[in-house]
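See structure below.
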Amino acid sequence: MSLGTSFGRSVGASARPVLDLRGVDKSFGPVQVLHGVDLTAYPGEVTALVGDNGAGKTTLVKGIGGVHTFDSGEYLFEGRPVRPRTPRDAAGLGIEVVHQDLALCENLDIVENMFLGRERSNGIALDEAAMEEAARRTLTGLSVRSVGSVRRRVSELSGGQRQTVAIARAVLWDSRVVVLDEPAAALGVAQTQQVLELVRRLADKGLAVVLISHNMNDVFAVSDRIVALYLGRTAAQVRTADVTHRQVVELITSGRTGDLGLPA
Ligand SMILES: Nc1ncnc2c1ncn2[C@@H]1O[C@H](COP(=O)(O)OP(=O)(O)OP(=O)(O)O)[C@@H](O)[C@H]1O
Ligand SMILES: [Mg+2]
């Protein structure tokens, strides 16, 4: 079997992980939340991160995104050890996290949100025209038409449109990795579909996408690989095509299924 077949359907044999976490630990005071977690994500692929409530998914992606630092273990980005200490450090590497508690500013418009903290200036004043054009180009490039004017305030947008803006913001910054923490949790059917299509498009552009979801239909519809966390441990990393819904549900609820998963 070639490397290509074992590493997912959409990448060639030469692909190496963009993101490679090996044995990372994280505690909050006396409580250890992550225990030697492994997670590998490849360019051009959607990696679904699944696990029950409290399994440690958000903690893991906050570590990836520089909101937390891991206590120990290896964090490799494009093969090099890194240690982002802030979201800005992570963004500098090309890692963007769209958090579960979406950090958009209600009172600002789409352009202002997409450039928040990284505004473009022409030397004297903010270059509104350039930012507006870049925001519009990014949304169009992602085939997003549903938000209307890029000057609409975020407070006027629906949940799905907000997700779209948050994802577009990640893309605008030329990211290599985009992590989405439950983007479809509060969305209706049509909006979920739209966000999932966007997720697939990001991967097709060559990004590594890590998608947290509790919805097995979404996971199977869009992911190439699945990483299952169980009580802060990696129960399994598998290709989506190699497992069934039932196996993934078992990994989530008991950490193992058949020969796969944590030791009994
Ligand atoms: N800042 C913190 N201080 C103390 N404990 C925390 C902190 N953040 C998370 N935890 C604990 O870590 C565990 C994992 O939480 P986390 O938010 O990572 O879970 P999750 O897998 O994202 O769950 P969900 O599916 O509900 O979003 C939980 O028991 C939580 O209470
Ligand atoms: Mg969470």
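Taking region 235-256 as the range and being within 16 Å of ligand 2 (Cβ to nearest atom) and not aliphatic (A, V, I, L, M) as the test, no residue passes.
Exactly one of (1) away from ligand 1 (no atom under 16 Å from the Cβ); (2) in a strand (DSSP E or B); (3) more than 14 Å from the chain's Cα centre (by Cα) is unmet by residue 209. Its number? Every listed condition holds for residue 209 apart from (3).
Residues that are touching a helix residue (DSSP H, G or I) at 6+ places or on another chain (Cβ under 9 Å), modelled with pLDDT under 95 and either more than 22 Å from residue 221 (Cα to Cα) or within 11 Å of ligand 2 (Cβ to nearest atom) (or both) within region 12-51 comprise 13, 14, 15, listed in sequence order. Scanning region 83-140 for residues that are farther than 18 Å from residue 157 by Cα and part of a strand (DSSP E or B) yields a count of 5. Among the residues of region 201-217, those identified as in contact (Cβ under 8 Å) with a residue 40 or more places away in the chain, out of contact with any strand residue (DSSP E or B) (no Cβ under 7 Å at 6 or more places or on another chain) and over 12 Å from residue 252 (Cβ atoms) are 201, 204, 206. Here is the figure for region 150-171: residues that are in contact with a Lys or Arg (Cβ under 9 Å, 6 or more places away or on another chain) and more than 15 Å from residue 191 (Cβ to Cβ) total 3.
The values are calculated or read from the model by the stated rules, or taken from the named source; none is laboratory data. The structure displayed is predicted, hence computed values, not measured ones. Please note: Cβ atoms are built from the backbone with ideal geometry, for glycine as well, and neighbour counts cover all protein chains shown.
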